[in-house]
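Bear in mind these aren't lab numbers, they're just calculated from the coordinates by the rules spelled out. All figures in this text were calculated on a predicted structure; none of them were measured in a lab. Don't worry about glycine lacking a Cβ; one is built from the backbone with ideal geometry, like all the others, and counts go over all protein chains shown.
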Amino acid sequence: MKKKILIVLVIILIFLVITYVLYLFNYIPHKMYSNEDFNIKTYISKIDKDEDGIDDQTDIILTTDINKIEEWQGGEIVGE
Ligand SMILES: [Ca+2]
């Protein structure tokens, strides 16, 4: 009997972990907010040190966004 309970708990735990990961990586649809929802003006830097035509603020955000699988290579965003 204890073994059945343990198996059920492990299955529930696995289900919760899978659900959390799917939610985290946006595979489960949910409400997402943008800057406009909170009246936040997007900051655009006037500096473009690597001269790629993308302001450095946007470069930093793009390269640290965990939802995007992009690589920063020599001033170009490669892949998706
Ligand atoms: Ca740049």
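For segment 1-19 versus segment 33-47, the spacing of their alpha-carbon centroids is 43 Å.
Remark: spin-label model distance THR58-ILE40 equals 1.8 nm, labels positioned 7 Å along the Cα→Cβ axis. Our coupling estimate for segment 55-63, obtained by passing each phi through the Karplus curve with A = 6.51, B = -1.76, C = 1.60 and θ = phi - 60°, is 4, 5, 4, 5, 4, 5, 5, 5, 7 Hz, Gly and Pro reported as x.
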